[in-house]
Amino acid sequence: ESVEASRVVVYLDPLDGTGEFVKGNLVPVTNLFGIAVDGVPVAGVINQPWAPGLPKGRTVWGGPGAGVHGADLSVKEAQGLLCTNRVVRSDRCAGALSALGVKAEADLQRTSATGYNFLAVIEGYFPLFVLTRKGTKKWDSCAGEALVSALGGLTTDAVGRPYSYSSDLDTINNSCGLLAARSPAAHAAAARIIAQALAPWPTDVDDASVVVK
């Protein structure tokens with residue numbers, strides 16, 4: 001199927017996980033390449049140059065209708081309840097994580113690398129990727145969202161509303177956080193819990209890319 005160029009937006013992050021890279025923690029560092037058509041992610045590539053045990057790294061790629069390739073999709077025991085960003089430490093965020101069942105740091109993975117967190121969900125190491133506040137941009141999430149969608153999962157803002165990746169928007173921020181899960185049921189349950197936990201704080205911040213249905 002041919003698509004007019006005006007309907008296509010390409011999002012590129014040449015070094016996702018900059019903070020981890022600067023600290024010398026190279027495993028979470030990725031290169032992200034995502035393609036959206038009519039505002040919806042349709043293809044994604046997550047390249048992990050320093051993947052453990054792979055001298056040449058690895059590339060995970062795919063999209064809805066094409067599946068996901070280069071990832072270990074075998075059924076495995078989850079390593080915790082969820083993964084999130086290192087810097088997400090506030091009363092707002094702590095309340096949401098607690099409501100999701102997090103009782104100790106051992107229950108989660110904190111990594112300031114969005115692509116790596118998406119890989120953790122895609123490969124089943126964690127059932128959820130949660131960010132309850134702004135901190136990522138469309139180039140961080142487009143590739144991962146396409147890959148999660150290819151597995152039948154969902155990626156939205158923290159309370160379950162889709163983002164648009166259209167070129168006619170004047171924002172590239174994911175101002176209302178992120179919530180990704182391979183299981184639509186797990187995603188829906190988490191979105192409800194987070195919405196209740198965030199009730200004391202506004203979730204309807206000014207973000208024109210949030211799709212309100």
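For region 124-147, a residue qualifies if it is crowded, with 21+ Cβ neighbours inside 10 Å, farther than 18 Å from Gln79 by Cβ and hydrophobic (A, V, I, L, M, F, W, C), and the qualifying residues are Leu131, Cys142, Ala143, Ala146, Leu147. Checked against (1) surrounded by 15 or more Cβ atoms within 10 Å (Cβ to Cβ); (2) in a loop (DSSP other than H, G, I, E, B), Val75 meets all criteria but (1).
Counting residues in region 58-78 that are in contact with a Cys (Cβ under 6 Å, 6 or more places away or on another chain) and at pLDDT 95 or above gives zero. The residues in region 148-189 that are charged (D, E, K, R), surrounded by 24 or more Cβ atoms within 10 Å (Cβ to Cβ) and farther than 20 Å from Leu100 by Cβ can be counted, and the count is 0. Here the strands (runs of 3 or more DSSP E) wholly within region 108-189 that include at least 1 residues being among the hydrophobic types (A, V, I, L, M, F, W, C) and touching a Phe, Trp or Tyr at 6+ places or on another chain (Cβ under 7 Å) are 129-131, 178-181. Got at least one residue in region 16-23 being at negative phi, small (Gly, Ala, Ser) and either in contact with a Pro (Cβ under 6 Å, 6 or more places away or on another chain) or not in a loop (DSSP other than H, G, I, E, B) (or both)? Yes; the residues of region 16-23 include at least one that is at negative phi, small (Gly, Ala, Ser) and either in contact with a Pro (Cβ under 6 Å, 6 or more places away or on another chain) or not in a loop (DSSP other than H, G, I, E, B) (or both).
The values are calculated or read from the model by the stated rules, or taken from the named source; none is laboratory data. Every value quoted in this text rests on a predicted model; they were computed, and no experiment measured them. All Cβ positions, even for glycine, are placed from backbone atoms using ideal geometry, and neighbour counts span all protein chains on display.
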